[in-house]
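FYI, it's all coordinate maths here, none of it is from the lab. Just so you know, these numbers come straight off a predicted model, no measurement behind them. Glycine also receives a Cβ, built like all others from the backbone with ideal geometry; neighbour counts cover every protein chain displayed.
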């Protein structure tokens, strides 16, 4: 027997020794798994997901039940629409299901899972959450940024006024507005220029394009994440785009951090003025459970910028779109603002207190209070037997509503 044949025989013998007992055990004692469709080789059940995956999953649940098992590529995935099972996953065993799968998007676009959206549940995630709540988003800290919001609101309205009578893309204006506020709060100033002629690290258009690419790449289905042995091929080109985007964000974040570090060292009696200052100050704290690295600061900073920009702009854009579709509703909103706030006054947060509407609750006719049974679901008391009915009652004197 030659050497090659001997090596093949030894490898086959070792394989049988290691894996056959496990195989026989799985045959003799099969796991009790949820029902589900039989997976195809390599792709699993991806062929059953249409262009609207949530609808495809709903149709599958009608066939296989509220809790079912699918295979996405090489990985088994449990899908549930059961209230009781959701309670177990989201509340009782929340800590076991809290972490996201480690995908290429988290690796390349969030500095090895350094932001809170992709970070696995553990000491780093808990520390980051505590920093957000107690240091960055405390009531006192947010109040100190009020003047920035006021200044940017005035600049936003001036830009709109200058283009009065012209056709505009409202989403662009809202994105510029929210990005300006967030960048000043997080970074201390607007690091992007309005045009290429101005000297800044990146133009406004480039930065917005970087954010759009970030949102896109964090939402795509990358084949390599689900079929790992195909990962090196990068069949869709997403990983290449992620790496390119990481280089662009790296350049931006390095510039911001270096500038903040220089200011910290050269300013007498230095005090943190923005969120990057606070993160750099915390990175020097020897009592932190998990030391913040430079990449951690980049990931958290990117989290703050991206998380606070797109959502607010999108919400404002859709709200205005809905109002424009319903002129009568737009008039009611305008009239109420004129009446409560005043046509010549700025709308500020405290003005919202004067616009709240109260609701009282009453049971449907014929239902007694003792008939209503309540149970705790996700920590909330919710009706179980009969629904309550919302009854709007005027908070202000009736003549003011005419």
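Taking 19 Å as the cut-off, the amide N atoms of the stretch 208-227 that come nearer than this to a point 7 Å along the Cα-to-beta-carbon line of residue 99 belong to 225-227. Tell me whether the stretch 30-89 comes out rounded, prolate or oblate; compute the Cα gyration tensor, take square roots of the eigenvalues as a ≥ b ≥ c, and use a/c under 1.5 as the rounded threshold. Because a/c hits 1.5 or more and a/b fails to exceed b/c, the stretch 30-89 counts as oblate.
Calculated FRET efficiency, residue 244 to residue 283, Cβ-Cβ distance, R0 = 30 Å: about 0.65 to the nearest 0.05.
Taking 0.36 nm per residue of separation and subtracting the Cα-Cα distance, full extension of the segment from residue 31 to residue 295 would add 90.9 nm.
In terms of the mean number of neighbouring beta-carbon atoms within 10 Å, the peptides 164-170, 304-310, 71-77 order highest first as 304-310, 71-77, 164-170.
Each of the peptides 273-282, 56-65 was scored by the mean count of other Cβ atoms within 10 Å over its residues; in descending order, highest first, they stand as 273-282, 56-65. Taking each residue as 0.36 nm, the span from residue 112 to residue 150 lengthens on full extension beyond its C-alpha to C-alpha distance by 10.1 nm. Placing pseudo-labels 7 Å out from each Cα toward the beta carbon at residue 323 and residue 343 gives an inter-label distance of 1.6 nm. Placing pseudo-labels 7 Å out from each Cα toward the beta carbon at residue 189 and residue 268 gives an inter-label distance of 2.1 nm. Model label points for residue 236 and residue 55, set 7 angstrom from Cα along the Cα-to-Cβ axis, are 2.0 nm apart. Taking a ≥ b ≥ c as the square roots of the eigenvalues of the Cα gyration tensor of the stretch 123-325, is the shape rounded (a/c under 1.5), prolate (a/b larger than b/c) or oblate? It is oblate, given that a/c is not under 1.5 and a/b is not larger than b/c.
Where in the stretch 252-296 is the amide nitrogen less than 13 Å from a point lying 7 Å along the Cα-to-Cβ axis of residue 135? In the stretch 252-296, the label zone of residue 135 (backbone N under 13 Å from the point 7 Å along Cα→Cβ) covers 272-294, 296. Taking a point 7 Å from the Cα of residue 74 along the Cα-to-Cβ direction, none of the residues of the stretch 240-257 has its backbone N closer than 17 Å to it.
For the stretch 239-274 versus the stretch 306-329, the inter-centroid distance based on Cα atoms is 32 Å. Highest mean packing first, where packing is the average number of other Cβ atoms within 10 Å per residue, the peptides 181-187, 156-162, 144-150 line up as 181-187, 144-150, 156-162.
Rounded to 0.05, the FRET efficiency of the residue 229 and residue 40 pair, given R0 = 25 Å and the Cβ-Cβ distance, is 0.95.
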